[in-house]
Amino acid sequence: MRLAAIDIGSNAARLLIADVIETTDGKINANKIELIRIPLRLGFDAFELGMISNEKSSRVIDTMHAFKYLMRVYDVTNYKACATSAMRDSINGAALIEAVRIKTGVDIQLISGSEEAQLVYENHVAENLSPAHAYLYIDVGGGSTELTFFDAGELIYKQSFNIGTIRLLKQKVSLYDWEEMKAVIKSYVRSKKNISAIGSGGNINKVFSLSKKKDGKPLPLQLLQDYYKELSNVNLEQRIKLYKLKEDRADVIVPALQIYINVMRWSDIEEILVPKIGVADGLIRKLFLETKKA
């Protein structure tokens, strides 16, 4: 079954196309056919102006037109589309979603932070890992960070915080926001087992690529701290040149590392796994299960 997922985040919009099958033992395997990322950067409008500008709104509509045609040429049988923090925080977010529906036929669902966290958890990465550990999913986006704590086969806790990379760049995160996150982590993220982190988001994927680690190998907290120090000590132009980063990655990777490091420190976590999953992957799994029941 060929399915597609559209994730419209605060920094970029992604189209994931995958062939999905269910194995004889009941596992869902998604073979990624195509992943397109468009740096719309809606958060730069949403978190500073409280609305999405006409220029960026036009780019959203153009992007959805392109995604629609790509799904058609790839023979996609069904799709799901969602929008997250930037659209949630924009006074014209709902109106833009309706404009997209009218002009392109693409239906977008505006999801809450809790639903966003659930979609990351839908990938069930922890179920295939050691039962000797507890796991904290950390999904860092442009507008929010979703935390999901998983222990002894149970979902213990999940919450979305309005702490994201673009919010940090725009100085829209207060000391109170950080203290609230810290207090919640200290209260809920605890276990008799060792706790490992599972990181998702484009920035942690890029850090993993920079590290040259083999797939499946965790990144130590110390390595994240070293990258944070290195990248913080050079300007944007130097980051692009020295680390071969795209401009729309080079500016957000430092605040992303700040978030991952703080969450891991407050959780007493020493390493983070990077399975390269995210909201779009969760959407694909959810869509497959819904289509199967239909």
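The values are calculated or read from the model by the stated rules, or taken from the named source; none is laboratory data. Fair warning: this is a prediction, and the values are worked out from it, not measured in the lab. Quick reminder, even Gly has a Cβ in these numbers, built from the backbone with ideal geometry, and neighbours come from all protein chains shown. To get the accessible areas, we keep the full protein, side chains included, count just its heavy atoms, and leave off ligands, DNA and RNA. Shrake-Rupley method; radii C 1.70, N 1.55, O 1.52, S 1.80 Å.
Details
- For the range 166-174, the count of residues that are of a type in the set (Ser, Thr, Tyr), surrounded by fewer than 18 Cβ atoms within 10 Å (Cβ to Cβ) and either in contact with a Ser or Thr (Cβ under 7 Å, 6 or more places away or on another chain) or within 22 Å of ASP7 (Cβ to Cβ) (or both) is zero.
- Screening the range 168-287 for helices (runs of 4 or more DSSP H) wholly inside it with 2 or more residues that are among the polar types (S, T, N, Q) and within 23 Å of ILE8 (Cα to Cα) returns the ranges 202-211.
- Test: ASN262 is more than 29 Å from ASN29 (Cα to Cα), surrounded by fewer than 21 Cβ atoms within 10 Å (Cβ to Cβ) and in contact (Cβ under 8 Å) with a residue 40 or more places away in the chain: yes
- Filtering the range 67-122 to residues that are charged (D, E, K, R) and modelled with pLDDT of 95 or more leaves LYS68, ARG72, ASP75, LYS80, GLU98, ARG101, LYS103, ASP107.
- Condition check for LEU224: touching a strand residue (DSSP E or B) at 6+ places or on another chain (Cβ under 9 Å), closer than 20 Å to VAL274 by Cα and of a type outside the set (Gly, Ala, Ser): yes
- Taking each residue of the range 199-223 that is of a type outside the set (A, V, I, L, M, F, W, C) and looking for partners that are open to solvent by 40 Å² or more (accessible area, probe 1.4 Å) with beta-carbon atoms closer than 8 Å, six or more apart or interchain, yields SER200/PRO275; SER200/LYS276; GLY202/ARG37; ASN205/LYS276; SER211/LEU223; PRO218/GLU271; PRO220/GLU270; PRO220/GLU271.
- Residues within the range 224-254 that are farther than 15 Å from SER211 by Cβ, among the acidic types (Asp, Glu), open to solvent by 30 Å² or more (accessible area, probe 1.4 Å) and out of contact with any helix residue (DSSP H, G or I) (no Cβ under 8 Å at 6 or more places or on another chain), tallied: 1
- Unmet criterion (only one of (1) small (Gly, Ala, Ser); (2) surrounded by fewer than 19 Cβ atoms within 10 Å (Cβ to Cβ); (3) assigned to a strand (DSSP E or B)) for SER130: (3)
- ASP139 within 21 Å of ILE8 (Cα to Cα), among the acidic types (Asp, Glu) and either open to solvent by 10 Å² or more (accessible area, probe 1.4 Å) or modelled with pLDDT under 95 (or both): yes
- Taken over the range 7-21, the criterion of being in contact (Cβ under 8 Å) with a residue 24 or more places away in the chain, part of a strand (DSSP E or B) and open to solvent by 10 Å² or more (accessible area, probe 1.4 Å) is satisfied by ASP7, ARG14.
- Here VAL274 clears all of (1) over 20 Å from SER160 (Cβ atoms); (2) touching a residue at least 60 places away in the same chain (Cβ under 8 Å); (3) open to solvent by 20 Å² or more (accessible area, probe 1.4 Å); (4) of a type in the set (A, V, I, L, M) except the condition numbered (3).
- Filtered residues of the range 24-50 (kept if of a type in the set (A, V, I, L, M) and either crowded, with 18+ Cβ neighbours inside 10 Å or part of a strand (DSSP E or B) (or both)): ILE28, ALA30, ILE33, LEU35, ILE36, ILE38, LEU40, LEU42, ALA46
- Test: LYS56 is over 18 Å from the mean Cα position of the chain (by Cα), among the basic types (Lys, Arg) and open to solvent by less than 50 Å² (accessible area, probe 1.4 Å): yes
Residues checked against (1) closer than 30 Å to TYR157 by Cα; (2) aliphatic (A, V, I, L, M); (3) touching a strand residue (DSSP E or B) at 6+ places or on another chain (Cβ under 6 Å):
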site	(1), (2), (3)
ILE38	no, yes, yes
MET51	no, yes, no
THR84	yes, no, no
ALA94	yes, yes, no
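- Filtering the range 176-197 to residues that are in contact (Cβ under 8 Å) with a residue 40 or more places away in the chain and more than 13 Å from THR145 (Cα to Cα) leaves LYS186, VAL189, SER191, LYS193, ASN194, ILE195, SER196, ALA197.
- Across the range 142-165, the qualifying residues are those that are open to solvent by 10 Å² or more (accessible area, probe 1.4 Å) and among the hydroxyl-bearing types (Ser, Thr, Tyr), and the one among them that is farthest from GLY282 (Cα to Cα) is TYR157.
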